[in-house]
Amino acid sequence: QVQLVESGGGLVQAGGSLRLSCAASGRTFNNYPMGWFRQAPGKEREFIAAISRISDITRYADSVKARFTISRDSAKNTVYLQMSSLKPEDTAVYYCAARSGSRASTLSNEYDYWGKGTLVTVSS
């Protein structure tokens, strides 16, 4: 069992930056590829970024590539999402997720554990 708690969301102006954190419980953090997803009002949850167990592979949605960076710190059992050049269309609830498989998947249905989310609002 893995419990995930996101933090770092808030209100930011367009062009600004935020760093989201996701703290994971348990001693097996390194066993789990991790992902970030988001859901905007009235829209389906969408993939944002994923990172492999040893950080050798990262994957990004085209909409955030070159603007967002996913990373993980095994010593802190934490995965991060550094977001820059934020746009109003980035406004959403951001969720982190962990999966029991080996790949850094882009598919939400392949993730087994989810946090409750943190709200990011980007004003124009």
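The values are calculated or read from the model by the stated rules, or taken from the named source; none is laboratory data. The structure presented is a predicted model; accordingly, all values stated were derived computationally and were not measured. Note: ideal-geometry Cβ built from the backbone for every residue, glycine included; neighbour counts use all protein chains shown. Heads up: the accessible areas ignore ligands, DNA and RNA and are worked out on the full protein's heavy atoms, side chains in. Shrake-Rupley method; radii C 1.70, N 1.55, O 1.52, S 1.80 Å.
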(request) Would you mind getting the accessible area per residue of the chain, heavy atoms of the protein chains only, 1.4 Å probe, in Å²? (result) 52 Å²
(request) Working with all protein chains in place, sort Glu44, Glu6, Glu89 by solvent-accessible area computed with a 1.4 Å probe, largest first. (result) Glu44, Glu89, Glu6
(request) State the extension gain, in nm to one decimal, for the chain segment bounded by Asp112 and Ser63, taking 0.36 nm per residue of separation less the distance between their alpha-carbons. (result) 15.2 nm
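Given just the C-alpha atoms of the range 56-124, how large is their convex hull per residue in cubic angstrom?
Working: hull volume 7.7 nm³, N = 69.
Hull volume over Cα atoms, normalised by residue count, gives 112 Å³.
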(message) If I ignore ligands, DNA and RNA and count only protein heavy atoms, how much of Val122 is accessible to a 1.4 Å probe, in Å² to the nearest 10?
(response) 10 Å²
(message) Below 11 angstrom from the Cβ of Gln82, what's the summed charge of the other residues (Lys, Arg +1; Asp, Glu -1)?
(response) +2
(request) Compute, for Ser52, the solvent-accessible surface of its heavy atoms (probe 1.4 Å) with the complete set of protein chains present, and express it in square angstrom to the nearest 10. (result) 10 Å²
(message) Could you work out what % of the accessible surface of the range 23-124 is carbon and sulfur, using a 1.4 angstrom probe and leaving DNA, RNA and ligands out of the count?
(response) 46 percent
(request) Would you mind pulling out the separation of the Cα centroids of the range 3-62 and the range 63-124, in Å? (result) 2 Å
